[in-house]
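K.L.:
I'd like to ask some things about the structure below.
The values are calculated or read from the model by the stated rules, or taken from the named source; none is laboratory data. Owing to the predicted nature of the structure, the values given are computational and were not obtained by experimental measurement. Glycine gets a Cβ as well: all are built from the backbone with ideal geometry, and neighbour counts include every protein chain shown.
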Number of protein chains: 4
Amino acid sequence: MPGNSFGSFFKVTTWGESHGPAIGTVIDGCPPRLPLDESMIQEALDRRRPGKGGITESPRKEPDRVQILSGVFEGMTTGTPICLLIENKDARSRSYDAIKDVFRPGHGDYTYLKRYGIRDYRGGGRASGRETAARVAAGAVAQVLLDTCGIKVIAYTIEFGGIAARQMDLAGVRGNRLFCPDPDAAKTMEERAREVRASGDSIGGIVETMATGVPAGLGDPVFDKLDAELAKALMSIGAVKGVEIGAGFKAARLLGSQNNDPITPKGFLTNNAGGILAGISNGEPIIARAAIKPIPSISRDQDTINTRGEPVKINIGGRHDVSAIPRIVPVCEAMVRLVLADHLLRKRAIEIHE
Amino acid sequence: MPGNSFGSFFKVTTWGESHGPAIGTVIDGCPPRLPLDESMIQEALDRRRPGKGGITESPRKEPDRVQILSGVFEGMTTGTPICLLIENKDARSRSYDAIKDVFRPGHGDYTYLKRYGIRDYRGGGRASGRETAARVAAGAVAQVLLDTCGIKVIAYTIEFGGIAARQMDLAGVRGNRLFCPDPDAAKTMEERAREVRASGDSIGGIVETMATGVPAGLGDPVFDKLDAELAKALMSIGAVKGVEIGAGFKAARLLGSQNNDPITPKGFLTNNAGGILAGISNGEPIIARAAIKPIPSISRDQDTINTRGEPVKINIGGRHDVSAIPRIVPVCEAMVRLVLADHLLRKRAIEIHE
Amino acid sequence: MPGNSFGSFFKVTTWGESHGPAIGTVIDGCPPRLPLDESMIQEALDRRRPGKGGITESPRKEPDRVQILSGVFEGMTTGTPICLLIENKDARSRSYDAIKDVFRPGHGDYTYLKRYGIRDYRGGGRASGRETAARVAAGAVAQVLLDTCGIKVIAYTIEFGGIAARQMDLAGVRGNRLFCPDPDAAKTMEERAREVRASGDSIGGIVETMATGVPAGLGDPVFDKLDAELAKALMSIGAVKGVEIGAGFKAARLLGSQNNDPITPKGFLTNNAGGILAGISNGEPIIARAAIKPIPSISRDQDTINTRGEPVKINIGGRHDVSAIPRIVPVCEAMVRLVLADHLLRKRAIEIHE
Amino acid sequence: MPGNSFGSFFKVTTWGESHGPAIGTVIDGCPPRLPLDESMIQEALDRRRPGKGGITESPRKEPDRVQILSGVFEGMTTGTPICLLIENKDARSRSYDAIKDVFRPGHGDYTYLKRYGIRDYRGGGRASGRETAARVAAGAVAQVLLDTCGIKVIAYTIEFGGIAARQMDLAGVRGNRLFCPDPDAAKTMEERAREVRASGDSIGGIVETMATGVPAGLGDPVFDKLDAELAKALMSIGAVKGVEIGAGFKAARLLGSQNNDPITPKGFLTNNAGGILAGISNGEPIIARAAIKPIPSISRDQDTINTRGEPVKINIGGRHDVSAIPRIVPVCEAMVRLVLADHLLRKRAIEIHE
């Protein structure tokens, strides 16, 4: 298991570096006879692309057009591996010569070299956020499977640069560049983003993902609990440093009588559990939150060393995203979809149909 | 992959229910020629057992003696599967008749039934905390492998019932029943535990695990990042509702210039990364925190339903642990050990020895 | 994947050495609500035990009583791991001192040492045929799942010491010690066995396994074809040196017009395919044959070396089985059951129920 | 594990249908810092392409140019997934309309429909022999790893249409279109091929693969024995119906004293074991043979049914390969390479370097 695959039954492998000819994914285990065409995947990819506003301004312009290379015949999945390819159109590697011999703080430059004894220094190589485009594409395929059961997944920004959303208008989430469910907070957040950008710095926040329509009974004890899989899925996104389910860290300060969700004939009265009990879904909405660190590329002097171990200063000039947040929102959705699709198939495998 | 195994190369499978004849684990992939006998495992198990103090007072008395059934010959591992068995000596199932037809709030009773269409109602069956004894045993074997590289793992309580540790005296962690690195805070915590117990309620907290001596270069991108694996490992413990690495959720409020750890010829100046960059260890101590919810069994009336869907009240009388915390500390250590042992072997597999 | 597990969804791990305290298996992924008790497993184990006749006369007397340690509650599987344990009652290791420092020809003594740098020299340790008792136990559990679909698996000896069965009386297979479907050939075979035994030598043969009632559509292209999995399953039995499906090696000499099985509205007219086309079952009986080598322990002088690399003679005295055949017949059945159980669940996972 | 991946540590996934835009493979787990460029892969692919002689005359003309899309930087592997892509240039699907509703005997048409409820009827879709081009490409990458240890793999035809090779001139294997080590037999074989072609029929044979330079100690007991993995690897090739190791089926008729390979200080005196004892390599050449059935597409009338279950005649006109043999030879090499590369890494993972 060399690390580039996710899932056991709905199994997704991503490949590709930020500056190679293309990136992509192979999905093995997708059930047959699901409707699928490129437009269904493209829609998710388009949401992940950098916008024109004040938060994501990567100088790189990628159309991110997905091609289906296999596994689909006459608009339907066939049960064979689905290979999706996205070409890298704007991978100018010359701009990376300045960082070739320097370890950027907060990046994987140093650790990749320690892991492999070699690194692709052009824009992070495999560690680049660009890899997540392949995840988003795979997640769109997973959603087609989830659609057959009425499962919906939505992610949104509940905190950004210390500013919290106070309303939960999920219908409006896609109406602002930060995917924030509170339009007023969204404005303050955008302002904060502009300030931080002006200072050459970067900023993080918290993204919440909610899955509704999840039937009770998904999740595999003991190690592959649904919450354990969600934690892995979200933490595998480069910028994520924390994950919590339901009440999360707050549960650590509650009494049992406060934290337990009472059960009634109509369902659970509260949802501190975040929809998961003993690692198995209980039919309530699944709630997972991810803490996003500020992106490490900043236009300010930082202390670091070069590959010869000498101290140097680095200032990563040029235009950069001020925060990973808006681009990570669709990635969170994608990862939650992958977990749910996998566990849906796991459950089906052992169902006895009487 | 049906969910009861952890790890790819150092692969641990646990089995057993709280009220069956025994629980245990099979470890497949442990390198040969490591010294191993039962006493090395027993020591870890003994730390997990309920104490006599005010926090864990399970009425069940289990000696938890481990037997090595395979994989060890003349005091050395042979490279073949190591099966460890712990008998259940005190599994009186008659005491569970009262809850046979009722779903306990906060427990897996309802979800296991939804998952499998059947449940072992005696004390939680497979979902019982008792399963973690097998993890602790497996973790002790992993530690033998880690010892060959000088890797040490220690877990401790940094918050309990809202009371935070303010000192970090790691040498003293095993000197109090809460495994708290702050002896003064430990006393206040024990007081709080007594209060909560008197009210028939329960309480949670936060456990931090630190691994030192971890060489740079452990961790498999993209999905099997070291932090992603740690998140899964810790979240797979029943009572855990949140996991964070290094600065964790705090990183969501920092600027990039604050959160990035400057690099110097002597190493990293700070450790907001928690020892992991781009999913790979950077040589600094690995820091992971887990939020522990209050245990759901409380001696107070709670609303719930029975298996016929009718509303009922439940009051889980008798003596119960007031918190899962002390018993979870060695389980956190065990899970972190399993992750590190697995990734140590993963790294070795691709090393080219020149 | 360290090698002691088989199957992805119906996953079987065996553990234990021939001279340790016990051997056993953990089955993870068995569907819940299947009837299971120890007697259902014991029946298969009893058929594998050495008989009193002229072929298998191991001096070791093992009752091979199986205990279910987990995964079954009130006579039904619960969906949790099923641990089965068989104690080694008669593991006298003193008798192995003579071979401690010598590599027995045809055994794994030399290769295990090369693999692990250590070996358990007592009777082959993990490489002992005794390990297959755990497989037979697991196979009996798999059969309970197959029973729910009407799948039957039977193995029988079609050649022994060069003597071929000429009748196919499958009802009579269990009526002779060699599990031969031709009672007349069985007598000649037993005579041959006595001759070979008298000369201190050993002998092999060919075991065929047939699975009936297998629905069309089992098998996972491309690498996990049903025939590929059967080949692996059977070749993983220590004494097996060849595997063929349907016409097998004979197909290499047929014309396409002879080898193709014509299809009619009532089914296939012939079964050269052995029930498998493009790696997927076609509804016809599945036919797999395994070539069994003569067991390597013989009471004749053989040239070998000791662990210091010096040439020595070895004569493995005492009573030994003259052939592995009769004991391997139930093991072939078990392995085919494991493959079918696994693929049954794989198929269910992706079935869309309309 | 949905079936399109092979290997645990050196993990190969293939994707693509014969009539989609492309086929390819993703290799995850390839060690870093191995030299790799497209020409090293192209050489193996070129040997698999249909020749101009009398045996393989597929009307389809594919240049089979491989592109490396990821995992290689400046001519060296980086340790990240290697995606290889081969475009389908000549995939005219209109020629398949005639077989759209008919199940071709000996093909996977019927079983794929039973497996997935849908099939890509254009040339076999995923079941097409074309998929093996991706395996050959992956095998070429595996060989780069094997080269670092001096392991060589060569396959050759030892029987074709009932005609056996009587010489073993391995140096001359690539000198004839049948990859036969006996140049005289090769001529008779080609003659036989012409006769069979003239009659509109097809023919099979036996391919042997030999690996030399394999160190003792490769192979993972119990289920992942080296011979079990080879059996699976070879049987996963569409046309293979039997696999044997070393003496293979002949061992079933030998006495133990004949079959055991005596050990001397200079090595094993004979190699009936085919280089594998107890599932682990013993340092002798590894010998595996595969029985190849005649290809099922023949220009003769055959009985079959259509998708409505009605009896029909089918005659697969046009030019076809008369035998799969020459194209399967490089595929056998590739599969053996994949097995060895995987087990090389498995062994490294648990080696203790003192």
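K.L.:
Just to be sure I understand the filter: pairs with C-beta atoms under 9 Å, separated by 6 or more residues or on different chains, first member in the range A:273-288 and over 15 Å from A:Val339 (Cβ atoms) and at the interface with chain B (Cβ under 8 Å from one of its Cβ atoms), second member assigned to a strand (DSSP E or B) and among the small types (Gly, Ala, Ser). Which pairs pass?
P.N.:
A:Asn282/A:Gly267; A:Gly283/A:Gly267
K.L.:
Of the numbered conditions (1) closer than 30 Å to C:Pro311 by Cβ; (2) within 13 Å of chain D (Cβ to nearest Cβ), C:Ala134 satisfies every one except a single condition; which is it?
P.N.:
The number of the failed condition is (1).
K.L.:
Working only within the range D:316-354, note down all residues that are small (Gly, Ala, Ser) and not in a helix (DSSP H, G or I).
P.N.:
The answer is D:Gly317, D:Gly318, D:Ser323, D:Ala324.
K.L.:
From B:Leu230, B:Leu255, which residue is more than 7 Å from chain A (Cβ to nearest Cβ), on the phi < 0 side of the Ramachandran plot and not small (Gly, Ala, Ser)?
P.N.:
On the way: B:Leu255 fails: more than 7 Å from chain A (Cβ to nearest Cβ).
None of the others qualify; the one that does is B:Leu230.
K.L.:
Before we move on, is D:Gly309 over 20 Å from D:Ala127 (Cα atoms) and in a loop (DSSP other than H, G, I, E, B)? Give the derivation first.
P.N.:
On the way: over 20 Å from D:Ala127 (Cα atoms): yes; in a loop (DSSP other than H, G, I, E, B): yes.
When the stated conditions are applied, D:Gly309 passes them.
K.L.:
While we're here: How about the range D:9-31: which of its residues are modelled with pLDDT of 95 or more and hydroxyl-bearing (Ser, Thr, Tyr)?
P.N.:
Hits for the range D:9-31 are D:Thr13, D:Thr14, D:Thr25.
K.L.:
Does the range A:180-192 include one or more residues that are under 18 Å from A:Ala288 (Cβ atoms) and either aliphatic (A, V, I, L, M) or surrounded by fewer than 21 Cβ atoms within 10 Å (Cβ to Cβ) (or both)?
P.N.:
First, pick out the residues of the range A:180-192 that are under 18 Å from A:Ala288 (Cβ atoms): A:180-181.
From what's left, either aliphatic (A, V, I, L, M) or surrounded by fewer than 21 Cβ atoms within 10 Å (Cβ to Cβ) (or both): none.
No, because not a single residue in the range A:180-192 is under 18 Å from A:Ala288 (Cβ atoms) and either aliphatic (A, V, I, L, M) or surrounded by fewer than 21 Cβ atoms within 10 Å (Cβ to Cβ) (or both).
K.L.:
Could you tell me which of the residues D:Ile305, D:Ile292, D:Ile237, D:Ile245 is within 30 Å of C:Ala273 (Cα to Cα) and either of a type in the set (D, E, K, R) or more than 7 Å from chain C (Cβ to nearest Cβ) (or both)? So that I can check it myself, show each step before the final result.
P.N.:
Values: D:Ile305 fails: either of a type in the set (D, E, K, R) or more than 7 Å from chain C (Cβ to nearest Cβ) (or both); D:Ile292 fails: either of a type in the set (D, E, K, R) or more than 7 Å from chain C (Cβ to nearest Cβ) (or both); D:Ile245 fails: either of a type in the set (D, E, K, R) or more than 7 Å from chain C (Cβ to nearest Cβ) (or both).
D:Ile237 is the lone residue from the list that is within 30 Å of C:Ala273 (Cα to Cα) and either of a type in the set (D, E, K, R) or more than 7 Å from chain C (Cβ to nearest Cβ) (or both).
K.L.:
Separate question: Quick check on the range B:199-209. Is at least one of its residues of a type outside the set (Phe, Trp, Tyr), more than 14 Å from every other protein chain (Cβ to nearest Cβ) and within 30 Å of A:Asn272 (Cβ to Cβ)?
P.N.:
yes
K.L.:
Test D:Lys313 against the criterion of being of a type in the set (Lys, Arg) and more than 9 Å from chain C (Cβ to nearest Cβ), and give yes or no.
P.N.:
Yes: the conditions hold for D:Lys313.
K.L.:
So A:Thr304 clears everything in (1) under 28 Å from the mean Cα position of the chain (by Cα); (2) buried (at least 17 other Cβ atoms within 10 Å of the Cβ); (3) in contact (Cβ under 8 Å) with a residue 60 or more places away in the chain except one condition, right? Which one?
P.N.:
Unmet condition: (1).
K.L.:
What tally of residues in the range C:98-122 results from selecting those that are at the interface with chain D (Cβ under 10 Å from one of its Cβ atoms) and acidic (Asp, Glu)?
P.N.:
Filtering the range C:98-122 for residues at the interface with chain D (Cβ under 10 Å from one of its Cβ atoms) gives C:102-117.
Keeping just the survivors that are acidic (Asp, Glu) gives C:109.
Residues that pass the stated criteria total 1.
K.L.:
Does the range B:108-123 hold any residues that are assigned to a loop (DSSP other than H, G, I, E, B) and either among the hydroxyl-bearing types (Ser, Thr, Tyr) or crowded, with 24+ Cβ neighbours inside 10 Å (or both), and which are they? Walk me through how you get there before you give the answer.
P.N.:
Step one: filter the range B:108-123 for residues assigned to a loop (DSSP other than H, G, I, E, B), giving B:108, B:117-123.
Selection gives B:Gly108, B:Arg119, B:Asp120, B:Tyr121.
Table: residues versus (1) crowded, with 21+ Cβ neighbours inside 10 Å; (2) modelled with pLDDT of 95 or more; (3) of a type outside the set (Val, Ile, Thr); (4) within 30 Å of D:Pro35 (Cα to Cα).
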{"site": "D:Ile55", "(1), (2), (3), (4)": "yes, no, no, no"}
{"site": "D:Val66", "(1), (2), (3), (4)": "yes, yes, no, yes"}
{"site": "D:Met76", "(1), (2), (3), (4)": "no, yes, yes, yes"}
{"site": "D:Ile82", "(1), (2), (3), (4)": "yes, yes, no, yes"}
{"site": "D:Lys89", "(1), (2), (3), (4)": "no, no, yes, yes"}
{"site": "D:Asp97", "(1), (2), (3), (4)": "no, no, yes, no"}
{"site": "D:Ala140", "(1), (2), (3), (4)": "yes, yes, yes, yes"}
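K.L.:
For the range C:323-343, indicate whether the set of residues that are more than 10 Å from chain D (Cβ to nearest Cβ), more than 22 Å from C:Ile158 (Cβ to Cβ), crowded, with 24+ Cβ neighbours inside 10 Å and at pLDDT 95 or above is non-empty.
P.N.:
Within the range C:323-343, one or more residues are more than 10 Å from chain D (Cβ to nearest Cβ), more than 22 Å from C:Ile158 (Cβ to Cβ), crowded, with 24+ Cβ neighbours inside 10 Å and at pLDDT 95 or above.
K.L.:
Give just the number: which of (1) surrounded by 20 or more Cβ atoms within 10 Å (Cβ to Cβ); (2) over 27 Å from D:Lys250 (Cβ atoms) does C:Gly150 not satisfy?
P.N.:
All conditions pass for C:Gly150, except number (1).
K.L.:
If you scan the range A:124-142, which residues turn out to be in a helix (DSSP H, G or I) and either over 14 Å from the mean Cα position of the chain (by Cα) or among the small types (Gly, Ala, Ser) (or both)?
P.N.:
Across the range A:124-142, the qualifying residues are A:Gly125, A:Arg126, A:Ala127, A:Gly129, A:Ala133, A:Ala134, A:Ala137, A:Ala138, A:Gly139, A:Ala140, A:Val141, A:Ala142.
K.L.:
Being farther than 25 Å from D:Leu255 by Cα and in contact with an Asp or Glu (Cβ under 9 Å, 6 or more places away or on another chain) is the filter here, so list the residues in the range C:168-182 that pass it.
P.N.:
Result: C:Met168, C:Asp169, C:Gly172, C:Gly175.
K.L.:
Looking at the structure I just gave you, is C:Ile298 outside any strand (DSSP E or B), of a type outside the set (D, E, K, R), closer than 29 Å to C:Ala334 by Cα and at the interface with another protein chain (Cβ under 7 Å from one of its Cβ atoms)?
P.N.:
Here the answer is yes, as C:Ile298 does meet what is asked.
K.L.:
Do you know which of the residues in the range C:183-198 that are of a type in the set (Gly, Ala, Ser) and under 22 Å from D:Phe249 (Cα atoms) is nearest to the other protein chains (Cβ to nearest Cβ)?
P.N.:
C:Ala193
K.L.:
Moving to a separate point now. Out of everything in the range A:2-39 that is more than 7 Å from every other protein chain (Cβ to nearest Cβ) and assigned to a loop (DSSP other than H, G, I, E, B), what residue ends up being surrounded by the fewest Cβ atoms within 10 Å (Cβ to Cβ)?
P.N.:
A:Asp37
K.L.:
Right, A:Gly205: closer than 25 Å to B:Glu131 by Cα and either without any contact (Cβ under 8 Å) to a residue 60 or more places away in the chain or surrounded by 22 or more Cβ atoms within 10 Å (Cβ to Cβ) (or both) or not? Walk me through it before giving the result.
P.N.:
Values: closer than 25 Å to B:Glu131 by Cα: no; either without any contact (Cβ under 8 Å) to a residue 60 or more places away in the chain or surrounded by 22 or more Cβ atoms within 10 Å (Cβ to Cβ) (or both): yes.
When the stated conditions are applied, A:Gly205 does not pass them.
K.L.:
Given the conditions (1) without any contact (Cβ under 8 Å) to a residue 40 or more places away in the chain; (2) of a type outside the set (S, T, N, Q); (3) within 10 Å of chain C (Cβ to nearest Cβ), report the number of the one that D:Arg348 does not fulfil.
P.N.:
Every condition holds for D:Arg348 apart from (3).
K.L.:
For the range D:264-286, which positions are in a loop (DSSP other than H, G, I, E, B) and either at positive phi or of a type in the set (Asp, Glu) (or both)? Spell out the reasoning first.
P.N.:
Filtering the range D:264-286 down to residues in a loop (DSSP other than H, G, I, E, B) leaves D:265-266, D:269-275, D:278-279, D:282-285.
Correct list: D:Gly274, D:Gly275, D:Ala278, D:Gly279, D:Gly283, D:Glu284.
K.L.:
Please count how many residues of the range B:1-46 are more than 20 Å from the chain's Cα centre (by Cα) and over 30 Å from C:Thr78 (Cα atoms).
P.N.:
Count: 9.
K.L.:
While we're here: Please tell me if B:Ala138 is in contact with a Ser or Thr (Cβ under 9 Å, 6 or more places away or on another chain), in contact (Cβ under 8 Å) with a residue 24 or more places away in the chain, within 17 Å of B:Ala324 (Cβ to Cβ) and of a type in the set (A, V, I, L, M). Even if it seems obvious, please write down each step before you answer.
P.N.:
Working: in contact with a Ser or Thr (Cβ under 9 Å, 6 or more places away or on another chain): yes; in contact (Cβ under 8 Å) with a residue 24 or more places away in the chain: yes; within 17 Å of B:Ala324 (Cβ to Cβ): no; of a type in the set (A, V, I, L, M): yes.
So B:Ala138 fails the test.
K.L.:
Still on this structure: Return a yes/no flag: does the range A:229-244 have any residue that is within 28 Å of B:Val312 (Cα to Cα), crowded, with 24+ Cβ neighbours inside 10 Å and either without any contact (Cβ under 8 Å) to a residue 60 or more places away in the chain or not acidic (Asp, Glu) (or both).
P.N.:
No: zero hits.
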